[in-house]
Amino acid sequence: MEALSGLALAVALAGLGLWAMVTRRNIVWKLLGLNVASGGSILFLVALSHRPGARPAIRGLGPGPAVDPLPQALVLTAIVIHFATLALALALVIILTEHRHTQDAKRLEEEQ
Amino acid sequence: MRWALTFGLLGLTGLLGLGIFEIWPRPCFPDPDEIALAWGVENSVAAIVLGQRLWDTILEVLVYVLAMVGVRFFLAGLRWQTKLPPVAETPFFRRSADLLFGPILVFAIYVAASGHIGPGGGFPAGVIVGSGLLLLALAKGTEQLAAELYEPKLEGLEYAAVLATLVLGALVLIFGLRSATAFVAGNILIALEVAIGAWAVLHRFAAARGEV
C-alpha cells in the first residue's frame with residue numbers, strides 16, 4: 001500500500017512538473033517544473049525498491065529480505081546530477097537574462 | 001495529441017510500477033547481503049555505488065565537477081557592482097552559527113567515514129557541509145565568508161580530490177583493490193568534492209545576483 005501511494009504521488013509529481021513545463025512561459029518556472037518532475041522520477045525509483053516488510057539494505061540489520069539496493073544507488077546518482085545540472089541551467093538563465101532582458105520563452109523565440 | 005502522449009507516457013510509467021506487486025516478473029538479482037559481503041562492507045548501497053557500479057560514480061563525479069566549472073565560468077564575468085550592506089543579523093545568531101558549524105562538520109565527517117557500515121556516504125556528507133556553509137553565509141554574509149575561505153585554494157583542492165578519486169577508481173577497477181579503507185577514502189573524497197561544489201554554487205549565485 002505504501003508503495004502504491006508512493007507511486008501515485010510520483011506520477012502526480014511528474015505530471016505536475018510536465019504541466020508546468022508545457023504551460024508556463026517563464027523559463028525559471030519551466031526549470032522549476034523540471035525540478036518537480038525529476039523529484040517525481042526519483043520518488044518513483046525509491047518506491048520501486050519497496051518490498052512489503054523488508055529491512056534496510058544493510059547487512060546484519062535483522063532477519064528477513066532486504067530492499068532492493070540498486071534503485072537507491074541509482075537515486076543517489078540522480079539527485080547529485082540533478083542538483084549540478086539545475087545549477088548550470090540557472091547560471092545559463094542568469095546569462096540569458098543579462099543579455100536579452102527577458103525570461104519569457106515565447107519572446108525569446110520571437111526575437112531571434 | 002500532446003496531452004494524449006503525456007498521459008500515455010505517465011500511464012505506462014504507472015504500469016511499470018506494478019512490478020512491485022509481482023504482477024510483472026521481476027528480474028532476479030543477487031541477494032544484497034552477498035554483494036555487501038563480496039566487497040567487504042556492510043552497506044549494500046555503498047557496495048553498489050563504490051564497488052559494482054564504480055564507473056557510474058566516477059563519471060557522476062566528473063559530470064558534477066564539470067557542471068561546477070561551468071557555473072564558475074559563466075558567472076565569473078557577472079559581479080554585483082556595489083558591495084552589499086553588512087547583514088543585519090544579531091550577534092547572537094552570528095555566534096551561534098559559528099558555534100554550530102563545528103558540530104556540523106564533525107557530523108559530516110562521521111557520515112562520510114561510516115558510509116560503508118551504515119546509512120550515509122560521501123554525497124550526503126558533502127551536502128551536510130554545504131548546508132553548514134549556507135548557515136554561515138546567512139549569518140555572516142557571503143562576501144565575508146568568501147574572503148575567509150579563499151576560493152582559489154578550494155578550487156585546487158577540488159581538482160586534487162577529483163584526481164585522487166580517479167586514482168582510487170583505477171586501483172579498484174584495474175588492480176582489484178577490495179577493502180573497506182578504499183570505501184572510506186572514496187566517501188571522504190566525494191564529500192570534499194560535493195561540499196566545494198555546493199559552496200561554489202552558493203557563492204557564485206550570491207555574487208552574481210545581477211540587475212534583473
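Out of B:G115, B:G156, B:G120, one residue alone is at positive phi and either outside any helix (DSSP H, G or I) or loosely packed, with under 15 Cβ neighbours inside 10 Å (or both). It is B:G120. Scanning the stretch B:1-27 for residues that are modelled with pLDDT under 70 and in a loop (DSSP other than H, G, I, E, B) yields B:E22, B:I23, B:W24, B:P25, B:R26, B:P27.
Evaluating B:P30 against the criteria (1) at pLDDT below 80; (2) out of contact with any Gly (no Cβ under 7 Å at 6 or more places or on another chain); (3) more than 10 Å from chain A (Cβ to nearest Cβ); (4) closer than 30 Å to B:A146 by Cβ leaves one unmet condition, (4). Would you confirm whether or not the stretch B:40-47 contains a residue that is farther than 28 Å from B:F205 by Cα, more than 7 Å from every other protein chain (Cβ to nearest Cβ), outside any helix (DSSP H, G or I) and modelled with pLDDT of 80 or more? Yes: one or more hits. Residue check: is A:L34 crowded, with 19+ Cβ neighbours inside 10 Å and either in contact (Cβ under 8 Å) with a residue 12 or more places away in the chain or more than 10 Å from chain B (Cβ to nearest Cβ) (or both)? No; evaluated as a whole, the condition is false for this residue.
Here is a list: A:A66, A:A89. Which entry is surrounded by 15 or more Cβ atoms within 10 Å (Cβ to Cβ) and within 8 Å of chain B (Cβ to nearest Cβ)?
Working: A:A89 fails: within 8 Å of chain B (Cβ to nearest Cβ).
After ruling out the rest, the residue left standing is A:A66.
Restricting attention to the stretch B:171-212, the residues being assigned to a helix (DSSP H, G or I) and of a type in the set (D, E) number 1.
I'm checking my understanding of the structure. Among residues of the stretch A:69-86 that are touching a residue at least 24 places away in the same chain (Cβ under 8 Å) and more than 7 Å from chain B (Cβ to nearest Cβ), which one is farthest from the chain's Cα centre (by Cα)? In this case the residue turns out to be A:P71.
The values are calculated or read from the model by the stated rules, or taken from the named source; none is laboratory data. Since we're looking at a predicted model, the values are computed, not measured. Positions of Cβ are generated from backbone atoms using ideal geometry, with glycine treated the same way; all protein chains shown enter the neighbour counts.
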